[in-house]
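Have a look at the structure below, then the notes.
The values are calculated or read from the model by the stated rules, or taken from the named source; none is laboratory data. Predicted model only: the values in this text are computed from it and were never measured. Cβ: placed from backbone, ideal geometry, glycine included. Neighbour counts: every protein chain shown.
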Amino acid sequence: MQSVKPSWTAGCVLVCGNDRGQESPKPSCGRQGGAELRDWLKDRMRERGLKGRVLSSRTSCLGVCSSKGVTVDIVPGPGGTRRMLVLDAASEREALWAQVEACLLGGGAEAPALGEL
Ligand code: FES
């Protein structure tokens, strides 16, 4: 095993894109726009010049599986406070961005409330 230092220094945002398919009675983020949300987040980070500072990545199931939306895990660098959220992938994108700024970029003001767990 080898310890490595990632190139992204401010933290990462993990967006669940797991899709269990229509047959499953259990909700899954992929069926609620998880992949599209992650693509939007990646574009937003690129627009704001954050490539290399913050990583956004699509993950498999994060073990939350809510029918209320997509699970997102905001993981800051050392000393920060991790946030696990569930949100509507379409209507709460900007609120997610405010959470990312507050958690990873020292956004200052308290971010608007989301479906925090
Ligand atoms: S399917 Fe997304 S958290 Fe389980």
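Search segment 60-86 for residues being touching a helix residue (DSSP H, G or I) at 6+ places or on another chain (Cβ under 6 Å) and of a type in the set (A, V, I, L, M), and hand back the single one that is nearest to the ligand (Cβ to nearest atom).
Applying the first criterion (touching a helix residue (DSSP H, G or I) at 6+ places or on another chain (Cβ under 6 Å)) to segment 60-86 yields 69-71, 74, 76, 83.
Now restrict to residues that are of a type in the set (A, V, I, L, M): 70, 74.
Numbers: Val70: 7, Ile74: 14 Å.
In this case the residue turns out to be Val70.
Of the residues that sit in segment 50-76 and are touching a Leu at 6+ places or on another chain (Cβ under 9 Å) and not in a strand (DSSP E or B), which one is nearest to Arg31 (Cα to Cα)?
Ranking the candidates gives Gly69 first.
Do you know which residues across segment 3-23 are in contact with a strand residue (DSSP E or B) (Cβ under 7 Å, 6 or more places away or on another chain) and of a type in the set (Gly, Ala, Ser)?
Ala10, Gly11, Gly17
From the list Leu62, Leu41, Leu50, which one is among the aliphatic types (A, V, I, L, M) and at pLDDT below 95?
Values: Leu62 fails: at pLDDT below 95; Leu41 fails: at pLDDT below 95.
Answer to the check: Leu50.
Tally the residues that are touching an Asp or Glu at 6+ places or on another chain (Cβ under 8 Å) and within 15 Å of Leu104 (Cα to Cα), restricting the search to segment 73-91.
Total satisfying the criteria: 4.
Collect the residues in segment 1-45 that are farther than 19 Å from Glu92 by Cα, without any contact (Cβ under 8 Å) to a residue 40 or more places away in the chain and more than 15 Å from the ligand (Cβ to nearest atom), keeping them in residue-number order.
Those that are farther than 19 Å from Glu92 by Cα, without any contact (Cβ under 8 Å) to a residue 40 or more places away in the chain and more than 15 Å from the ligand (Cβ to nearest atom): Met1, Gln2, Ser3, Val4, Lys5.
Conditions tested, residue by residue: (1) surrounded by 12 or more Cβ atoms within 10 Å (Cβ to Cβ); (2) in contact with a Lys or Arg (Cβ under 8 Å, 6 or more places away or on another chain).
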position	(1), (2)
Pro6	no, no
Ala10	yes, yes
Asp19	yes, yes
Glu47	no, no
Ser91	no, no
Val100	yes, no
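Give the number of residues within segment 74-89 that are surrounded by fewer than 17 Cβ atoms within 10 Å (Cβ to Cβ) and out of contact with any Gly (no Cβ under 8 Å at 6 or more places or on another chain).
Result for segment 74-89: 5.
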